[in-house]
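Down below is the structure, laid out as C-alpha cells.
The values are calculated or read from the model by the stated rules, or taken from the named source; none is laboratory data. Here the structure is a predicted model, which is why all the values come from computation and not from measurement. So basically every Cβ, Gly included, is an ideal-geometry build from the backbone, and we count neighbours across all protein chains shown.
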Amino acid sequence: MMAKIVKGQGFKGVVNYILDKAKGTEILDSNEVRLKSTDTIIDSFIFQSELNPGLTKPVGHISLDFSAQDREKLSNEFMVQIARDYMNRMGISDTQYLVARHYDKEHPHIHLVFNRVDNNGKTISDRNDRFRSEKICKELTREYGLYFASGKEKVKENRLREPDKTKYEIYNSLKTTVPNCKNWHQLIGVLKGQDIGVTFKFKGKTDEIQGVIFDKNGYSITGSKVDRQFSYSKIDQQLRANAQKLNNSEAHHRQAPPGSNPTGSLANDFLYHLRKSSHEENKKKKENIPHIKRRKGLRR
C-alpha cells in the first residue's frame, strides 16, 4: 500500500478528475457533501472552505495504491475500512471527504479528496504529512495482511522519466553485480561494461572516502539515492563479505601471500590502484572520460 499526497487551491479540477466516468469510478464513501451531482459536490467543498479564507490550499487529495496481488481481497467495503483508518491516523477528521475507486489501472486504487478546512473552520495540518503517511502505510499494510512489495520490484520502468529512468537502470545493474563481486576493482570493471562510471566523494583533502557516485546517461547519482543498500558503506561491506566467503572456500587450495589485500579494503586497495594507474588516468582525462577521481561533493 502506497499513498500519493497532493494539495491544491481549487476543488473543481480534482472532483472532476475523481468522478471521471472513463475511469469506471465508483463512489465508496463520503461525509458532509451533497452527492446529487458533480456540481453539488464541488459547491459543498467550496462553501466550507470559505470558513477559512486565509488557507491558500484547502484541497487535500490522496491516492491509495495497492498491489495487484491483493486484488481478490480488496472489496469496496474493505477499501473503505482502510481509507477511514488511514485518514484517522493522519489526523484527517471532522471534515468533508469523498472516497472513490478507479478501475483504469491494473492495480487496485482509490482516491480521497477532503477539505483541509474542517467543520469548525480550522486548518487540518499537513506538517510532515508525507513522512507520517509513509509510516502509516507500512503499518496498515502489515496490520491488514496486505502484500508487502520489497524494494523497487513493482516499479514500471517503461513509464519513468529522467533522471528516475537512469536511477533504476543503475539500481538493476547493482542488484545483479554487487553480490557477485569480491572487491571494488572487479565491480568497477563490470559496471564499466554496462556504461556506468564510478567516482568517489572524499572527506576534504584526505583519503577518507565518504560516498560513492554512479554516472550514466549524463546523470550523477549517489549510491544512497539509488537505494539505501547501495551506499558506499553498504556496498563495501557486501564486497568484503563476498571476498571472505570466497577466501574461506578456497583456503584449502592456497594461502594468500603476505601483504595481500584479499578482502578489497578500500583505504589501501584504491590508493594503490590510483598510484599504479596514473598513466591511464591522464590519458582518460585528455579524452574527457572520467574514471576514478576525487569529488569534494555533488553539484547541486
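Can you find a residue in segment 143-155 that is touching a residue at least 24 places away in the same chain (Cβ under 8 Å), touching a helix residue (DSSP H, G or I) at 6+ places or on another chain (Cβ under 7 Å) and not in a loop (DSSP other than H, G, I, E, B)? Within segment 143-155, none of the residues are touching a residue at least 24 places away in the same chain (Cβ under 8 Å), touching a helix residue (DSSP H, G or I) at 6+ places or on another chain (Cβ under 7 Å) and not in a loop (DSSP other than H, G, I, E, B).
Yes/no per residue for (1) in contact with a strand residue (DSSP E or B) (Cβ under 8 Å, 6 or more places away or on another chain); (2) at pLDDT 95 or above; (3) not aliphatic (A, V, I, L, M):
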| residue | (1), (2), (3) |
| --- | --- |
| Ala100 | yes, yes, no |
| Phe114 | yes, yes, yes |
| Lys122 | no, yes, yes |
| Asp129 | yes, yes, yes |
| Lys154 | no, no, yes |
| Pro163 | yes, no, yes |
| Lys182 | no, no, yes |
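In segment 1-27, which residue that is among the hydrophobic types (A, V, I, L, M, F, W, C) and buried (at least 17 other Cβ atoms within 10 Å of the Cβ) is nearest to Leu140 (Cα to Cα)? The selected residue is Met1. Cβ-Cβ contacts under 9 Å between residues 6 or more apart (or on different chains), taken from a first residue in segment 205-220 that is not assigned by TED's automatic domain parsing to the domain that holds Ile188 to a second residue that is of a type in the set (D, E, K, R) and surrounded by 13 or more Cβ atoms within 10 Å (Cβ to Cβ), are absent. Would you say Ser133 is of a type in the set (Gly, Ala, Ser), at pLDDT 95 or above and within 20 Å of the chain's Cα centre (by Cα)? Yes, satisfied.
Listed here are the residues, each with its yes/no results for (1) out of contact with any Gly (no Cβ under 8 Å at 6 or more places or on another chain); (2) among the charged types (D, E, K, R).
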{"position": "Lys12", "(1), (2)": "yes, yes"}
{"position": "Asp43", "(1), (2)": "yes, yes"}
{"position": "Val59", "(1), (2)": "no, no"}
{"position": "Ser67", "(1), (2)": "yes, no"}
{"position": "Ile82", "(1), (2)": "yes, no"}
{"position": "Asn88", "(1), (2)": "yes, no"}
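Restricting Val14, Val33 to residues that are β-branched (Val, Ile, Thr), out of contact with any helix residue (DSSP H, G or I) (no Cβ under 8 Å at 6 or more places or on another chain) and outside any strand (DSSP E or B) narrows the list to Val14. Among the residues of segment 44-79, those identified as under 14 Å from Tyr97 (Cβ atoms) and either among the small types (Gly, Ala, Ser) or without any contact (Cβ under 8 Å) to a residue 12 or more places away in the chain (or both) are Ser44, Ser49, Gly60, Ser63. Determine, yes or no, whether Asp39 is modelled with pLDDT under 95, over 16 Å from Thr95 (Cα atoms) and in a helix (DSSP H, G or I). So Asp39 does not fit the description; no. Checked against the criterion of being assigned by TED's automatic domain parsing to the domain that holds Asp126, over 20 Å from Asp126 (Cβ atoms) and at pLDDT below 95, the candidates Glu77, Glu26, Glu72 yield just one match: Glu72.
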